[in-house]
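No value in this document is a laboratory result; all are computed from the given coordinates. Values in this document were obtained by computation on a predicted structure and should not be read as measured data. Cβ coordinates were reconstructed from backbone atoms using ideal geometry, including for glycine residues, and neighbour counts include every protein chain displayed.
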Amino acid sequence: MALALLALAGAAEEGKTLDDGRLEPAWFGPGVEFRTTSEIDYVWVKPGFSIKGKKLRVEKWPDPVFTGKDRRGRDAARAYELAENMPLRIRSVLRHTLEGTAQIVTEGGDQVLSGRLVDYVAKGTMGKSNPQSTWDIKITDAGSGELLVAVHHRTLMSLSTVEERIDMWLEKFGKALKEDMAMAASGKPATS
């Protein structure tokens, strides 16, 4: 009976979501305890992670997965465009931001960055558009597949174009990678 209760508790924990259902920790794998920071909404880093001297391969992203709620056709179409272009944006920005620290490659590599777009909505009130995009990114060891970094971030794109806001966030992400994601240690445990 106690074993059955433990199994149920584990299953419930496994299905737990954060960020109003947009963040599914199970996508990242077991043992990820997210923390919240001012620069990255939800982050987890394996102790001892470093990108210094590594070759980082950025993989193609799959079609968007709307984890929070279904979106109307116009939003879904824009999400597909963003998901297709994210690997190129990531390679371009990180190639510049990580110059001298790590190398961005299209084949091989020591570490693999993969991701997915989990939400996009062009919130509009009174004729104004305030798009919001949410994505998951993980970095794994290329040889073992072991998870090294898990990131979930949502950005409101009201100040400039969607692409400019993504690039600005990617620059912050690149700087955090350059510092081996040290900012995660000062984050607070994610509860919602």
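Some points to look at:
- Phi-derived couplings, Karplus 6.51 cos²θ - 1.76 cosθ + 1.60 at θ = phi - 60°, listed residue by residue for region 25-41: x, 4, 4, 7, x, x, x, 8, 10, 5, 10, 9, 9, 6, 9, 10, 4 Hz, with x used for Gly and Pro.
- Within region 2-189, percent of DSSP bridges classed antiparallel, to nearest 5: 85 percent
- Under 5 Å, built H, 5+ apart or other chain: amide partners of Leu23: Leu18
- Which of Thr161, Thr17 has the fewest Cβ neighbours within 10 Å, and the rest in rising order: Thr161, Thr17
- Straight Cα distances below 30 angstrom link Lys178 to the lysines Lys46, Lys52, Lys54, Lys55, Lys60, Lys138, Lys188, with same-chain residues fewer than 8 positions distant left out.
- Table column - 3J(HN,Hα) (Hz), region 135-143, Karplus curve with 6.51, -1.76, 1.60, x for Gly and Pro: 9, 10, 9, 9, 10, 10, 6, 5, x
- Modelled label positions at Lys16 and Thr191, each set 7 Å beyond Cα in the direction of Cβ, lie 1.2 nm from each other.
- Computed on region 2-189, the Cα convex hull volume stands at 136 Å³ per residue.
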